[in-house]
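What follows is a short report on a single structure.
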Amino acid sequence: MANNYVEVGPWGGSGGANPWSIIPNDGRITRINVRSGAIVDAIYFGYTEGGISYETAIFGGRNGSLSTIDIADDEEIIEINGKVGTLENLNLVSQLTFVTNKQTYGPYGTNGGTDFSCPIAKGKVVGFFGRYGCLPGRYWCRT
C-alpha cells in the first residue's frame, strides 16, 4: 500500500473465501451499488481509471433490493458507518451508511447489531476491500 493511504477496518466476521478490492490508481469511485434486505447482501462499484469507466464484479450474493449511489465529481466519501450482526451463526456486516461532503446515503440493511463508525477527520475514502462469504469489509483512506 502506498504511503499516503491508511487501511481502516475490518468489520464483520472472520470467514469468506473470496477476497476483493477496488482502489483506482489515478481515478475515483463514481458509483456504489448495495444489495440489502435484512443484511448487506452484496456491494459493487463503478469507478474511473485513466479516464475510462469500469464496473467491478458483484462482491456477495444477489438477494435483497438494489440501491445505487452515484458519486458526483465534486463529492467525496468522508464517513462510513454501520452495524455488525449475526445471521445463522455468521458474523457479518448487517447495515451500511455512506456519508459524503454533500449528503448521507442509507442506511442499507436493517438487522440490529453492534455499531461501528469511521469518520475521516482528514482526507477521504478512496477505495474499498474485503472478502465476501462472511468476512469483514474494509476501506482505504487517503490522508
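The values are calculated or read from the model by the stated rules, or taken from the named source; none is laboratory data. Every value quoted in this text rests on a predicted model; they were computed, and no experiment measured them. As a convention, Cβ positions derive from the backbone with ideal geometry for all residues, glycine included, and neighbour counts pool all protein chains shown.
Odds and ends about this structure:
- Restricting attention to segment 75-101 and to residues that are more than 15 Å from residue 31 (Cβ to Cβ) and in a loop (DSSP other than H, G, I, E, B), the residue that is modelled with the highest pLDDT turns out to be 101.
- No other residue among 139, 47 is under 27 Å from residue 27 (Cα atoms), part of a strand (DSSP E or B), at pLDDT 90 or above and not basic (Lys, Arg) apart from 47.
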